Amino acid sequence: MLKGMRRLIRHGKLREAWEIYEELSSAQLELSLSQLESLEPYEGLDRSSNFNKLLTFLREDTFFDIPIQGNEPKQGFTTTPAQCLHRLTLLLSYFKRNRIKLLTSEFETILFLLTKLRRHTVAASLYVHIGVLSEPPKASTFNQMLAVFLSAATETPTSRTARRLEDFTLRLFFEMACHGVKPDRITYNSLIVADIKNDDMVTAESRVDDMIAKGFQPDQLTYHILIRGYMNRRGEMHSAYTWLGKMIAAGIKPNVVTFNLLLEGLVEDAEGVAEDTTRMIKGLYELMQQQEVAPDVVTMNVMLKWFIRAGDEDGVQELLDGLGKSATGERIAPDVRTFNALIGMHLTKGEETEARRVMEEMVVRGVWPNDVTYGIFVDHFAREDRVDEALEWFMEMKEQGAVPSLTVYNMLLRGLGRRSGKVEGGRMIAEMMWEGMEMDATTYNTLIRGFWGGDEEGEVDVEGAMQLYDTMIYDGIAPTDRTFNQLLHLLAEAEAAGARRSRGRSGTASARFPLHGYRQHNSSDPSLLILESHLLAEMAVHNVPRDAITYSILIRLAVIRSDLLLAERGLQAMLNVNLRPTSHTFAHLVLGYIRAGELDKAEDTVRRMSEPPYLLVPNVTIYTTLMCGYALSAEYHKAREVFREMVERGVRLDIIAYTVLADTLVVTGGRDAVDAVEVLERIAEAEEKEGRGLDRVAATSLMTAYGIAGEVRRRRVARTDGEKEDREDSEVCARAVVRIYLRTVEKWAPDRVMVTALFAALCRLDKVAAAARVLEKMRRDGEEGGPKVKLNVIHYNAVLTGMVRSEWEHYRTALRIFEEMVGQSITDDASSGSTSRHLDSNPSVPAPDITTLDILFNGAALHDDWPTVVRLWYIHKQARSDTSLLHRSYAWALRGMLETGDAKGTRQVYADILREREKGLGPVWSQRIGKLLREFGANLGTEIRGGVGIEAAKAVQRRIDNLRRW
């Protein structure tokens, strides 16, 4: 095998030679390159030649394999970065064991490979042991080492890497002097880059004077470095133009690279009016023509990027029709970046077919899609929550030979996290590790983002996210500001979930308004407070400064905990560190004051954000929140004033704002419900034109508005002359409700609130039979595997409410539905208190709750069906003997017992009423119960119906007096 390897190296078959070398190393055989020399002497081939050939092949086959025509896939690419690292490790370990010294060229190649493989620590340790060289280091050796520290500071921009770079630059000249090496122009250019990395432009400019003093004239690259340095500093474009002037004054003519740098700076530094930036870009392009500098494809791509960002479709088309000429006078041929920009533009506008057409065109033109091309499609579908299609593009990418980058894997992980696919995300991580990918901070941030998903109660996995953070630190990945902001956001979501649970225990009544029924949440979880302090301390340890997002999240946490004083302090702290609050920051404060019931302070906060030093325009979210607060406080006129102010200030209204306005009108009832219908119908028409339609919330509000408006209209029509008109109005409104529901469910899965609104609207419009048919169809569809709507007891209660208030036939139908819910008959003739006939249970029908019983009690009372009231009471006692009923139910149950003369039942009901006294019986129903007892006990003589005696009647009278005092 050694002879074969020697022969392969001599004939240039280095790929096969590497395979043999790996095989021998895996067999733990000691392979000496000197053995190769002694086995088969060959003139002119020494140890250095063998090693240099293997090392050079490793570098070129991994990083310098150039496509044949510049656009086709790599033809000879066989060494992956993981394989390169493995082979390099084998060689280094061999030379370390045998204490073999390296040539400077070999040492520089190894430093280059370690830099490209992101093994900066290993490269730095090799430099410490520079004594392994068999010859004195050269200027190129120190330049390569400087490149290692520059790469580390670029790829891992932490305070630690910045300090290492600064320390090396400070001692570089000393160490070069110790080895008798003089710096060259490349050294000075690299030092200027290092100064710019350290944000020290003064020192960077002074390096130019040092270069000239040492006899090195700045070249074109020197000026390009300084121009790029100022371009990367926001608001410093004038300094970049200053160095362009110095460059021309020094007799160095700007080339296309110079102008491309300036164009990129204009695009990146663009602020304010887009037309101004467009004018400056076109002016710079005219200067290129004056200097007789022909634009290239990079120029075209930079300008295309700006026109796409500015939404200038005419500029894009003009550019594509033939922007400029190349150096040979021909039209500029687009490259893969050009097509990628166009694909991204079409996908951003939702033109997926056009994006695919552009991809087909690039292949026809001989431009092969790369990993970025496929990544644009993957990112688009992942952001649209169409993860399956994103995975299809990912698989096609691999089939076409494009190697997925870490960025593409992160895009997929983001999409899987949104779908709460932690198992699929784990599989993707396993594939990344198999492919030799190393996770970076973005990967961990994406995985942490996946812990945001939760159940309907908003639960978040804080513990899992913190474990992932610990793993990130253990793996040596430096956390970023995004890492901490996402973890703090998780804590805020956990606090919000706790507030919602507390709110649920206190009994919220309606979900129409986002803030309805809110109770202040003052009891925070101590563990979340500790985690918050820990994360803030970790930010200080890792030298990650707090940004505007961090402060906004901290303000939100204070708002959730109802600590508005702390929230105001957080706002002041932002100003103290020269951070400008955003609209999101003020949105949290406005929400906090509204939840605390301090509407005056909420309105003052909205006014304050428009004044110095903030000068922010309230957005639609802030206005909608304020409008919602006024609606919850029944100050509907102020809610409408806020809406009018939004319109007057030109705030772009969204469907949520209109929905809140419509809800406000619906709540006030009467003619306002009709206005709500008109508002939402106009929005629905506009949304249909845009191809979107109403969302679930707006559709629910519109159905509710139609129900109330139709009911109001029906009540106003005189029954003598307008009965036909009444029926026609109800039919029109009912058809509108059904139409809205069917259109909405084509795009959105119906939720329980929307289904409840459908049933309630139909019942309001006296379409009880239709509501019952819809309920039965939904139930059967769920049983037969059709479109499944998860029906619950709330939906049944909505239908039963309409049925029991309707005519006798519908009331009897409601009783039969109730029989299915309880699994036993209540319509059979049976003696009071006897057990009713049991029916077969139906698992698709939910069990009744106390609201269901109250609806049936009330319906039976409306129809004077007192025997059914008695049966309902005994069913309740059999199934829920310890559960309290609603107060109205006790009144009807007592009335039913007295009407039917059931003495035993009367005593049971009255005993339960006395128990309710301890919990607090409402004054209205206590008075009604007292009136019932007086009416039935006044004219009975010696007996109350069913055998309640005079003494018992007197005792009842004493209880009545107590009830009246409640």
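The values are calculated or read from the model by the stated rules, or taken from the named source; none is laboratory data. As the structure is a prediction and not an experimental result, all values here were calculated from the model. Cβ placement follows ideal geometry from the backbone for every residue including glycine, while neighbour counts extend to all protein chains displayed. Please note that ligands, DNA and RNA were not included when accessible areas were found on the heavy atoms of the full protein model with its side chains. Shrake-Rupley method; radii C 1.70, N 1.55, O 1.52, S 1.80 Å.
Whole-Hz Karplus values for region 368-376 come out as 7, x, 10, 5, 5, 4, 5, x, 4 Hz, taken residue by residue from phi with 6.51 cos²θ - 1.76 cosθ + 1.60 and θ = phi - 60°; glycine and proline positions read x.
In a fully extended conformation the segment linking GLN83 and ASN576 would gain 172.3 nm over its present Cα-Cα distance, using 0.36 nm per residue. With a Förster radius of 56 Å applied to the C-beta separation of GLN290 and GLU635, the computed FRET efficiency comes to 0.30. Just in region 187-233: which trypsin sites (Lys or Arg not before Pro) are loop by DSSP and have at most 16 other Cβ atoms within 10 Å? Filter output for region 187-233: LYS214, ARG233.
Here's how it looks for GLN824: its modeled amide H is under 5 Å from those of LEU839, which are all 5 or more places away or on a different chain. Evaluating 6.51 cos²θ - 1.76 cosθ + 1.60 at θ = phi - 60° for every residue in region 630-640, the Karplus couplings come out as 5, 5, 5, 8, 6, 9, 5, 5, 5, 4, 5 Hz, glycine and proline recorded as x. When the C-alpha to C-alpha distance is required to be over 18 Å, the pairs from LYS116/LYS182; LYS182/LYS214; LYS282/LYS305 that qualify are LYS116/LYS182.
How would you classify region 846-907 from its alpha-carbon gyration tensor, with a ≥ b ≥ c the square roots of the eigenvalues: rounded for a/c under 1.5, else prolate if a/b is greater than b/c, otherwise oblate? Display every interim value, and only then the final one.
On the way: a/c = 1.80, a/b = 1.26, b/c = 1.43.
Note, shape of region 846-907 comes out oblate.
Less than 17 Å from a label point 7 Å out along the Cα-to-Cβ axis of GLU360: which backbone N atoms in region 376-394 qualify, by residue? From region 376-394, the list is empty. At full extension, GLU776 and VAL257 could sit 179.6 nm farther apart than now, given 0.36 nm per residue minus the alpha carbon distance. Between LYS931 and ALA769, the FRET efficiency estimated from the beta carbon spacing at R0 = 22 angstrom works out to 0.05. If the segment from ARG171 to HIS584 were pulled out straight at 0.36 nm per residue, it would be longer than the present Cα-Cα gap by 144.0 nm. With a simple spin-label model that places each label point 7 Å from the Cα along the Cα-to-Cβ direction, the separation between GLU463 and LYS53 comes to 6.1 nm.
Computed with every protein chain present, the accessible area of PHE112 is close to 40 Å² [probe 1.4 Å].
Separation of region 849-882 and region 594-631 by C-alpha centroid, Å? Centre-to-centre distance over Cα atoms comes out at 48 Å. Cα centroid separation, region 164-200 to region 216-250: 20 Å. Only protein heavy atoms count here; on that basis, with a 1.4 Å probe, ILE477 has an accessible area of about 40 Å². For LEU102, the residues 5 or more places off, or on other chains, whose built amide H falls under 5 Å of its own are LEU133, SER134. Taking label points 7 Å from Cα along the Cα-to-Cβ direction, ASP200 and SER610 give a separation of 4.9 nm. Distant-in-sequence amide contacts of LEU616, defined by a placed amide H-H separation under 5 Å and a gap of 5 or more residues or a different chain, comprise SER610, GLU611.
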